[in-house]
Amino acid sequence: MGPGRLWSQLRNDRAGLAGLLIVSLFFLVAAGVWAGWLGQNWSAANGGRWESASAEYWFGTNILGQDIFQRSIYSIRTAFEIGLVVALASTVLGAILGALAGWYHGTWMDGAILWLKGVLDSIPFYLLVAAVAFALHGKPWAMHVAMIATFWTTTGRLVRAEVMKIKSREFIAASQAIGLPDLLILSRHVLPNTLHILLIQVSITFVAAIKTEVILSFLGLGIQDGVSWGLMLAESTQEVLAGHFNNFMAASLMLFVLLLGFNLFADALQDAFDPKQVTL
């Protein structure tokens, strides 16, 4: 499906457009943080302890006197950095391993990749991620490595099945007949035909990465140097007991809205790429 046809499908999906708008607004905020225009005072403790929402502190302050609004805005950058890195890296890894397994179906390579996938899938997901993150605790990329190592399996399974179908088509036979190497056929003719799967998987994995980061940071295995919604929720456990909900509400609301936007957009992408939805 070409970009024009894809956009034609998406623009008729109001929920999908709403999701795209939400994601775009959050991305603009994240870009503002990257540019140094927003959220730069997230660590400054200039306010009083647990101040209420005001014109100076829109969401109030936490126990240290830090601006909760500034911290929640800066956390958008953290969410996008983690989501993009994990989603892109795990999707690329899954695409490569899935393509190799599908192309060499029935060989030792296919068996080895399926065995590795089976081992990873047999272990409870969050337990495996937490174990990898704990084993690499203290390393700046520990959480990213943990998620990438576990998120690629679904993409690999989907790409493997698609490659096995594509391999039987006539243009693949023609490519083999003129003597093109297998890796060239895979990279030039096979993988581009799995792009619809990869786009959907990137959007789904982005959401999963953000949710996993929140859980790991809440457990103390996530963000070590900086701030995220997971750390804000971890901080709020004691504050809620003391009757202060601003930290909890700010992190929860930001997380909910961004994930809602991505879920709506991912659903719209799936509908757009569904052959039953495409009008000929």
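Looking at the structure I just gave you, is residue 54 small (Gly, Ala, Ser) and in contact (Cβ under 8 Å) with a residue 12 or more places away in the chain? It is false that residue 54 is small (Gly, Ala, Ser) and in contact (Cβ under 8 Å) with a residue 12 or more places away in the chain. Here residue 133 meets each of (1) under 22 Å from the mean Cα position of the chain (by Cα); (2) of a type outside the set (S, T, N, Q); (3) surrounded by fewer than 19 Cβ atoms within 10 Å (Cβ to Cβ) with one exception, condition (3). Of all the residues in the stretch 115-130, those that are over 18 Å from residue 211 (Cβ atoms) and among the small types (Gly, Ala, Ser) number 2. Candidates in the stretch 240-259 are the residues that are in a helix (DSSP H, G or I) and over 17 Å from residue 73 (Cα atoms); of these, the one that is modelled with the lowest pLDDT is 241. Being modelled with pLDDT under 90 and part of a helix (DSSP H, G or I) is a description that does not apply to residue 198.
Test each condition in (1) in contact (Cβ under 8 Å) with a residue 12 or more places away in the chain; (2) more than 14 Å from the chain's Cα centre (by Cα) for residue 106 and report the one that comes out false. Residue 106 satisfies every listed condition except (1).
Applying the condition of being farther than 24 Å from residue 176 by Cα and loosely packed, with under 15 Cβ neighbours inside 10 Å to the stretch 82-118 and asking which residue is modelled with the lowest pLDDT yields 118. From the set of residues in the stretch 131-186 that are assigned to a loop (DSSP other than H, G, I, E, B) and among the small types (Gly, Ala, Ser), which is farthest from residue 221 (Cα to Cα)? Within the stretch 131-186, the match that is farthest from residue 221 (Cα to Cα) is 179.
The values are calculated or read from the model by the stated rules, or taken from the named source; none is laboratory data. Remember, it's a predicted structure, so these values are computed and weren't measured experimentally. With ideal geometry, Cβ positions are generated from the backbone for all residues, glycine too; neighbour counts draw on all protein chains shown.
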